[in-house]
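Asker: To start, I am sharing the structure in question, which I have written as structure tokens.
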Amino acid sequence: MTRFFYQLTLRDMVAHSTIRDLITGTSEALTGAERKLSTTLLSDYPFAGLEPIQVLAERTGISSPSISRFVSKLGFQGYQDFQRRLIQELKASQRSPIELMVVEREVDGSFLGDFTRRANALIDEMAQSITDAQFERVCDLLSDPGRRIFVMGGRVSDLVAQHLSRHLKRLRDDVFHIDPDPETWPDSLLKMRGKDVLFVVDFRRYQRTVTDLAKLAATERKANVVVLTDKWLSPAVTHARETLAVPVESGTVWDSYAAGFTLMEAIMTRVAETDWTKHSKRVSAWDALTEGRQELGHDT
């Protein structure tokens with residue numbers, strides 16, 4: 001077994017759900033008061049849960065003892081234990097590669113083989129976490145020729161966004177990649193109509209401009225916002241019609257976008273094959289124009 005030295009602080013968190021997951025997972029077993037409390041916590045997540053218990057009690061009209069019983073039902077020793085976990089989640093959502101490197105880890109076999117197994121595990125987890133119904137809803141939005149599609153990501157995650165937009169452009173009209181520079185946004189926002197789609201990609205160390213754009217699209221243009229993010233959830237999900245949360249923790253110095261890219265490729269393939277007879281004509285025309293440019297000596 002080959003030994004490589006990495007520093008990892010998030011190792012223990014890989015096997016745990018977020019508090020958001022715990023709340024939504026117990027929703028059917030909650031009382032009316034607890035459902036009201038869970039709605040408050042999720043609507044301003046995670047910050048509502050970081051308030052003193054007395055403040056949360058006044059805000060919700062639910063007694064402090066009832067709040068304590070609620071967090072116990074979620075599996076915590078008390079409200080302070082609940083808040084400590086929220087703080088851990090908040091810190092984890094902002095971790096940098098430097099902070100991820102804290103302890104050594106052992107690599108099973110070759111480095112490449114071990115890394116590939118980790119990536120495959122993320123893809124398998126993604127396939128279990130995204131429901132078929134949600135996947136189909138997002139594909140239907142992106143397939144609808146009556147909707148314009150706008151796509152943008154963050155500093156690094158825009159690579160995932162561009163992967164989607166470049167393929168969709170080969171399949172259909174009215175697909176636009178939005179420049180991350182806010183000065184260029186008015187042109188895109190003024191094109192948006194109420195039925196159009198803004199697809200944004202934002203993974204941890206979230207980018208404020210992504211959330212700003214999602215808010216403007218949802219509130220000012222009434223567009224349908226779809227957010228691809230991780231389990232800690234970009235603030236942009238506040239404005240989302242659909243949220244696709246995929247795993248990114250690979251147990252190495254870098255977060256992995258393997259699950260995100262795989263999901264994008266599944267979406268692109270589903271959209272293409274939904275009406276391949278129609279889409280293939282555009283792809284053929286696109287390829288013909290590309291080949292024509294190359295014949296003229298202009299590489300694409």
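Bear in mind these aren't lab numbers, they're just calculated from the coordinates by the rules spelled out. Source: prediction; values computed, not measured. All Cβ positions, glycine included, derive from the backbone under ideal geometry; neighbour counts span all protein chains shown.
Asker: Once you place label points 7 Å from the Cα toward the Cβ at Ser27 and Leu159, how far apart are they in nm?
Answerer: Going by the 7 Å Cα→Cβ label model, 3.4 nm.
Asker: Still on this model: If we sort 191-202, 243-254, 67-78 on the protection proxy, mean other Cβ atoms within 10 Å, highest first, what's the order?
Answerer: Numbers: 191-202: 21.3, 243-254: 19.2, 67-78: 16.3.
Packing proxy ranking, top to bottom: 191-202, 243-254, 67-78.
Asker: Okay, next question. Students often forget the sequence filter, so: which lysines lie under 18 Å Cα-Cα from Lys91 once same-chain residues fewer than 8 apart are removed?
Answerer: Leaving aside lysines fewer than 8 places away in the same chain, those within reach of Lys91 are Lys231.
Asker: For the ranges 27-39, 154-166, what's the packing order if you count other beta-carbon atoms within 10 Å of each residue, average per peptide, and put the highest first?
Answerer: The most tightly packed comes first, giving 154-166, 27-39.
Asker: A follow-up question, please. Just tell me which lysines come within less than 22 Å, Cα to Cα, of Lys36; anything on the same chain fewer than 8 places away is out.
Answerer: Lys73
Asker: Continuing with the same structure: Quick one: putting +1 on the C-beta of Lys and Arg, -1 on the C-beta of Asp and Glu, what dipole do you get for the chain around its Cα centre, in Debye to the nearest 20?
Answerer: It works out to roughly 620 debye.
Asker: Please enumerate, by chain and number, the lysines with C-alpha under 28 Å from the C-alpha of Lys169, excluding those fewer than 8 residues away in the same chain.
Answerer: Lys191, Lys195, Lys215, Lys222, Lys278, Lys281
Asker: In whole Å, largest first, what are the principal axis extents of the Cα atoms in region 13-92?
Answerer: 34, 26, 23
Asker: Starting from 0 in steps of 10 Å, tell me what percent of the Cα-Cα pairs of the chain lands in each bin.
Answerer: 6, 23, 28, 25, 13, 4, 1, 0
Asker: Add -39500 (n - 2.57) for each DSSP H run of 4 or more in the chain, then divide by its residues: what number comes out at 222 nm, to the nearest 500 deg cm²/dmol?
Answerer: Helices in the chain give a 222 nm mean residue ellipticity of -16000 deg cm²/dmol.
Asker: Report D for region 131-290 in µm² per second (integer): Stokes-Einstein, Kirkwood Rh on Cα pairs, 4 °C, 1.567 mPa s.
Answerer: Reported coefficient: 82 µm²/s.
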